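Please read the structure below before turning to the comments.
The values are calculated or read from the model by the stated rules, or taken from the named source; none is laboratory data. Quantities reported herein were computed from a predicted structural model and do not represent experimental measurements. Cβ placement follows ideal geometry from the backbone for every residue including glycine, while neighbour counts extend to all protein chains displayed. Areas reflect the complete protein model, heavy atoms only, side chains present, ligands, DNA and RNA absent. Shrake-Rupley method; radii C 1.70, N 1.55, O 1.52, S 1.80 Å.
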Amino acid sequence: MKNLGIYVQVPFCQTKCTYCNFHTGVVAKDRFAPYVDAVCEEISEHRRLLKAARVELDETDGEKKDSQPWLCYGADTVYLGGGTPSLLEPRQLQRILETIRERFGAEIEEVTLEADPETVEQGKAAAWVAAGINRVSFGVQSFSDQELAAAGRMHRRVDVYRAAPILRRAGIRNISFDLIAGLPHQTKKSWKQSLEELIALQPEHVSVYLLEVDEGSRLGKELLIGGTRYSAGRVPSDDEMAEFYELAQEKLRVFGYRHYEISNWAKPGFESKHNLKYWKRGPYLGFGAGAHSFSGRQRWANAHDSAAYVSAMESGRLPLEQLESVTAEQALEEELFLGLRQLQGISVGRIEKEYGVSLSGRLRPLAAAGLLEREGDLVRLAERKLSVSNEVFVELMK
Ligand code: SF4
């Protein structure tokens, strides 16, 4: 893979969802401009900043025949994520994208914006398309107002029906809808309703996430110490969540979505090119507070605190919080963990050859337990075990 993915983190939200403990903040709009300045500076000056932060710049991305430094590759995907990047003014997003094109080439195939339904307006959507955004990842989460309200989301079902046609009319031909299985108050009936409403709106791509409640979130604390404010008592059980996931598998398959990654389904040709880079261990650069990067040899991350990030950038310094070289053992674990997230599976022969290891000792017991399936050189997670994939990964990494 010769092309970089570029990720830009926009760590601002309108409210804090009850289950979320991401490093995102609800801030006044006047914090946006200095943040965008800092991100553009980081993009423009990334070589100098990375070098000063001791990131190795002159390594290839793993294709050893090719002697080009990995940073010389142009970018072919951009992902504007968060937080809620659709909160930024369109001209701010446009400026970020122009800066990326100046540094990484104009031939960017896929430009994704994460957008929450309540932030979508006609003028904004037209400006997003004019800025080159051609894919929107739409944070629907549920079609039940009771579930949305309990989770602390700003939008309601009606906002999804208002916003989706606006995106279509503006010319977005690639929309991904996110749903969360396991929200408080969710039942099999309401989940089925959400799936059916989502399918009727015909997004090209669907992500289904099982609710993961961080202990530090408000819902997480309530789950631990009790209380009723965030409806912790109404969070579905793990078995119910697994059942919801399996219902999504079944319904999405019937309507022509290909299940290509544990949490992702797409109509043919609409798989997320950017996210595939993460699962295939392709190189990517992240810009902004808390953004992660991977060169093939090293992984690093910027400071999470957006104020600290802006202030470090204003003093001409990249605020790295982590920088680590990936050992051969870590790389192998990533190959297995990330590779098996993809439903096509992993090529055992390629990995054994590349890493000089034998995988049969690790894989055989899992295959014998029915957790993995083998077809020639390919090994993949058993389809009926996808809802408990975390347990399989724990076994695999032992
Ligand atoms: S919109 Fe996303 S990032 Fe923001 S609080 Fe909600 S879950 Fe967290």
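Could you please state how large a percent of the accessible area of region 195-259 is carbon and sulfur, counting protein chains only and using a 1.4 Å probe?
47
With viscosity set to 1.002 mPa s at 20 °C, what whole-number translational diffusion coefficient in µm²/s follows for region 67-156 from Stokes-Einstein and a Kirkwood radius over Cα pairs?
The diffusion coefficient I find is 148 µm²/s.
Could you report the chain's accessible area per residue, 1.4 Å probe, as an integer in Å²?
45
Above 39 Å lies some portion of the pair distances; for the chain, what is it as a whole percent of all C-alpha pairs?
In whole percent, the long-distance tail amounts to 17.
How many percent of DSSP beta bridges within the chain run antiparallel, rounded to 5?
40
Sequence gap at least 6, Cα distance under 8 Å: using those rules, report the relative contact order of region 122-266 to the nearest whole percent.
24
Using just the alpha carbons, could you tell me how many Å³ per residue the convex hull of region 326-398 encloses?
Hull volume normalised by residue count: 84 Å³.
Against the empirical 2.2 N^0.38 Å scaling, what ratio does the C-alpha Rg of region 240-369 come to?
Relative to the rule-of-thumb radius for its length, region 240-369 sits at 1.35.
Would you mind estimating how fast region 268-316 diffuses translationally, via Stokes-Einstein at 25 °C and 0.890 mPa s with the Kirkwood radius over Cα pairs, in µm²/s?
199
How long is the gain from ASP238 to SER358 if the chain were fully straight, where each residue apart is worth 0.36 nm and the alpha carbon distance is subtracted?
Result for the pair: 39.8 nm of gain on full extension.
Give the cross-link partners of LYS124 among the aspartates and glutamates, using a straight C-alpha distance below 14 Å as the criterion and excluding same-chain residues fewer than 8 apart.
GLU89, GLU114, ASP116
Starting from the Cα of GLN344, step 7 Å along the direction of its Cβ; do the same at ALA33; then give the gap between the two resulting points in nm.
4.7
Where Rh is the Kirkwood radius over the Cα pairs of region 120-250, the temperature 4 °C and the viscosity 1.567 mPa s, what D in µm²/s does Stokes-Einstein return?
The diffusion coefficient I find is 82 µm²/s.
Stretch SER315-GLN122 to full length: gain in nm at 0.36 nm per residue minus the Cα-Cα span?
65.7 nm
What number, in percent, do you get for the relative contact order of region 12-169 if the mean sequence gap of Cα pairs under 8 Å and at least 6 apart is divided by its residue count?
For region 12-169, the relative contact order is 24 percent.
In whole angstrom, and with the biggest value first, how far do the Cα coordinates of region 75-119 range along each principal axis?
32, 18, 13
Report the Rg/Rh value for region 189-315, based on alpha-carbon coordinates and the Kirkwood definition of Rh.
1.06
So which lysines pass the test for LYS398, namely a Cα distance under 28 Å, with those fewer than 8 places away in the same chain ruled out?
Reachable lysines: LYS277, LYS280, LYS353, LYS385.
How would LEU366, LEU276 rank on accessible area, largest to smallest, probe 1.4 Å?
From most accessible down to least: LEU276, LEU366.
Could you put LYS273, LYS189, LYS251 in order of accessible surface area, largest first, with the 1.4 Å probe and the full protein assembly present?
Ranking LYS273, LYS189, LYS251 by accessible area, largest first, yields LYS189, LYS273, LYS251.
Sorting GLU212, GLU271 by accessible area (1.4 Å probe), largest first, what list results?
Per-residue accessible area, sorted high to low, gives GLU212, GLU271.
When only Cα pairs under 8 Å and 6 or more residues apart are kept, what is the percent relative contact order across the chain?
17
Charges on Cβ only, +1 for Lys and Arg, -1 for Asp and Glu, centred on the Cα centroid of region 78-177; of PRO90, VAL78, GLY123, which one is farthest towards the dipole's positive end?
So the residue furthest toward the plus end is GLY123.
Under a straight-distance cross-link criterion of Cα-Cα below 17 Å, which aspartates and glutamates are reachable from LYS251, leaving out those fewer than 8 residues away in the same chain?
Cross-link targets: ASP178, GLU196, GLU197, GLU204, GLU240, GLU243, GLU261, GLU383.
When the accessible area of region 324-398 is split by element with a 1.4 Å probe, what percent falls to carbon and sulfur?
The nonpolar share, carbon plus sulfur, comes to 51 percent.
Relative to a virtual label point 7 Å from the Cα of THR15 in the Cα→beta-carbon direction, which members of region 102-138 show backbone nitrogen distances below 13 Å?
Those under the cut-off are 118.
Per DSSP H run of at least 4 residues, take -39500 (n - 2.57); add these up for the chain, divide by its residues and hand me the 222 nm value, nearest 500 deg cm²/dmol.
Rounded to the nearest 500, it is -12000 deg cm²/dmol.
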